[in-house]
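The values are calculated or read from the model by the stated rules, or taken from the named source; none is laboratory data. Everything numeric in this text was worked out from a predicted model, so none of it was measured. As a convention, Cβ positions derive from the backbone with ideal geometry for all residues, glycine included, and neighbour counts pool all protein chains shown. Areas reflect the complete protein model, heavy atoms only, side chains present, ligands, DNA and RNA absent. Shrake-Rupley method; radii C 1.70, N 1.55, O 1.52, S 1.80 Å.
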Amino acid sequence: MSPGSSPLNRHALRTAAAAAALVALALAAVLAATDLLVAHNLTASVDQRLGQWLDAVARSTGTGLISEGAPDSDFDEPLLTWQAPPGDGCRPVGTAPPLPAALCAPGGPAGATVHGVPFRLLGRRLPDGGVVVAGESMAPVAHATGELVLAELVVGPVLLILVFLGSLAIGRRVGGSVERMRRRQLAFTADASHELRTPLSVMQAEADVALAGRDRDLRPALGRVSGEIGRMRRLVDDLLWLARFDSEPAPPAPAQLDLVTAARLTAERFSAVASGRSLQLVIEAPDTVLPITIAPEWLDRLGGVLVDNACRHAASRVTVAVSPRSGRRVELSVANDGEGIPESDLPLIFDRFHRATSRGEGAGLGLAIADSIVRASAGRWEITPETGGGVRFAVVWPLARTPGAVRAASAAAPERRPRAHPFVRRSGHAAR
């Protein structure tokens, strides 16, 4: 993959990490069940050996007494025996240590600690009324289980590393093809937009020249042609902007901008548009500096989209407001008193080419552009209906941590003539 595909690399890393985590959970469950099963089986083997030994003792003695030499073992060996003749206390056989009286009874098998060593004990009553107790050390079982766990701790991480690397390799290989297709598509969109701009400019210039002439029969048709060409040019400009935004790996350099100044400049830029539509354009902002970190051309474009969108669909009033929020955050909002947004269109308002109303001449790209900017600048949307009709678009950003040199948002933006950008779309309240 190319150096500019870092988002795809991050996605492949996240996918590989998720796959490794899922395998780790499944592996942990399987290994835990395996350990329990192995320990259970080993313990069952010990119990079986103890039962077989006691059966042999019961068959070989009529008195219930076991010779001192039997079994042939000492305290370091796993098998020990204790006996309790009728009417007598429990006594060890051979080198077995003393056994507490509470354990010298028929029953079991059960685990017990004898002189600090874990044992598995099984007691049996003999035909003459005596009791014999056999015990086997659980140290070999613990040792075998420990060896198994140690092997799992060595093999498990190696397996997870292999799963992670394999998933990463597959993700990068598959993602590389997807990324190349995506880049070809973006390059095609950018190239097509660029190539369309020149003939559209020429056609519009020719139509304007013809409109300036005296042939009245051509003027209505040329006027319509000129309007459609202008609309197509704006559509191409928006497509080119989105294509560049999606395809360029490095975003423009951010700067610390005063959101209050940016909002005032945007409102001034659209004052002629609002006046031409008999709208009242109001700016509400505190007399203080509220800095955010964002690329100047991004904030300039975002403000233009929101204000133009509001002017396009307001009934009488557009309000541009900047206000501080709790938690060191600041809000830019643009509200209008138009027809509002149908609730069914709310999930779709940022989709490209989606228009929720036939009003206006937008192509449904403006809010898609705005959404791309908001997400890329760590902002958060808040869209609420206005009392009495209309809608309020608000974007919340974190305040810049170090105010430093704060400048107006449109300082680096190209000079624009006040106009309504028809690319802006809107749902119920604003033609998208």
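A few remarks follow.
- Judged by the ratio a/c of the largest to the smallest principal axis of the C-alpha gyration tensor, region 198-301 counts as oblate, that ratio being 1.5 or greater while a/b is no larger than b/c.
- Inter-label distance for Ser344 and Val178, nm, one decimal - labels placed 7 Å from Cα along Cα-to-Cβ: 3.2 nm
- Summarising the label geometry, the points placed 7 Å from Cα in the beta-carbon direction at Asp215 and Asp35 lie 9.1 nm from one another.
- For region 228-310, the solvent-accessible area of protein heavy atoms averages 41 Å² per residue (probe radius 1.4 Å; ligands and nucleic acids excluded).
- Between Arg91 and Leu150, the contour length at 0.36 nm per residue exceeds the alpha carbon distance by 17.3 nm.
- With every protein chain in place, region 204-354: carbon and sulfur % of accessible area (1.4 Å): 53 percent
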